[in-house]
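Worksheet for the structure shown next.
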Amino acid sequence: MALILAIETSCDETAVAILRGCDELLAGEVWSQASLHAAYGGVVPEVASRNHLAALPGLVRTALRKAGVQLDGIDAFAATSGPGLPTALLVGMAHAKALAIGAGRTFLAVDHIEGHLYSPFFGEPEIPPHLGMVISGGHTLLVDVESYGACRVLGSTLDDAAGEAFDKVAKLLGLNYPGGVEIERLAREGNPARYDFPRSMLHSGDFQFSFSGLKTSVRYLLERESVSLPDVCASFQDAVAEVLVKKAIAAAQSARRSVIAVSGGVSSNGRVQALLSRHASEAGIEVRFAPRELRTDNAAMIAYVAALQLGAGGGSQLSVDVHPSFDLQHFERNRPGAHPSTI
């Protein structure tokens, strides 16, 4: 079975993983820069890329040591090619390419969204048909998946992603970054029916999302009256969760999928989990969440997709560049075996 070393540097986590086959994770190192960016209330791209550059060599050495392997024992090197912060992506891609060149091994560029999308099935040699929901700081997507490499996006956000909305509202409320955890903590003590926030596009007849108006609604509320912070958090959280859950179930029914697989950092939100599990059960749909350690950015999920890609005969040319923005055409044409390796 192939031994893959993968690197993830799309945002503010520097991560390295070593995976044998699809299921034997020998090492999974993640160094978060969250505390460095907290003072700015969000991720600063230049700070992120500079720290990726400093941290990566040591993380690679640590991963190799924990896995008990040498560089010449690695069969393929992978890195996240996007979406993400351009300069941050370049650090990881350049490092993985250099390792591949030095070792004379295959290089694989992996789409970050694919990493999240397939993470609920980590360790399995095949991806079954399902409705995938990716809910993270940068992305909110509903994807109809037939198998690995065969998928179509049914809906995405027209503005803010769900996690981005959590962080922006948390900043309006004066909460610490990252804001999603803080909002969920306070919401446990609040009344979700206290404030009637909009459920944007809930009845739009499609599977698109919009959370910018919800954020603006919170801002207007704060400007016109004194509020109960726990009640605002609970009401806001319920507004987001209701839209996510109802759209996901409608999409699964439309695509005739009996499984919804949920990934991304927001999938750890307890209210989202509880509502989705309950409503999906009522609809006769199974829900699978990514393992907790794979919900935020990590290299294990990148290694897993690389293993699937390698098993399907795929590889990437060393000339492949980063793609910072989510591109629907790029995502849907990203088929296994489409980019033969030059090594």
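The table for this structure:
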item: Some residue of segment 24-47 being modelled with pLDDT of 90 or more, under 20 Å from Phe121 (Cα atoms), surrounded by 24 or more Cβ atoms within 10 Å (Cβ to Cβ) and not acidic (Asp, Glu); result: no
item: Given (1) under 19 Å from Leu318 (Cα atoms); (2) surrounded by 16 or more Cβ atoms within 10 Å (Cβ to Cβ); (3) touching a strand residue (DSSP E or B) at 6+ places or on another chain (Cβ under 9 Å); (4) not charged (D, E, K, R), number of the condition Ile101 does not satisfy; result: (2)
item: Helices (runs of 4 or more DSSP H) contained entirely in segment 167-278, each with at least 1 residues that are modelled with pLDDT of 95 or more, in contact with a strand residue (DSSP E or B) (Cβ under 8 Å, 6 or more places away or on another chain) and in the same structural domain as Thr157 (by TED's automatic domain parsing); result: 229-255
item: Residue check, Glu146 at pLDDT 95 or above and acidic (Asp, Glu); result: yes
item: Count - residues of segment 48-68 that are in contact with a Cys (Cβ under 9 Å, 6 or more places away or on another chain) and either surrounded by fewer than 18 Cβ atoms within 10 Å (Cβ to Cβ) or not assigned by TED's automatic domain parsing to the domain that holds Met93 (or both); result: 0
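The values are calculated or read from the model by the stated rules, or taken from the named source; none is laboratory data. In this text, all values refer to a predicted model and were calculated from it rather than measured experimentally. Here the Cβ is made from the backbone with ideal geometry for all residues, glycine too, and neighbour counts use every protein chain on show.
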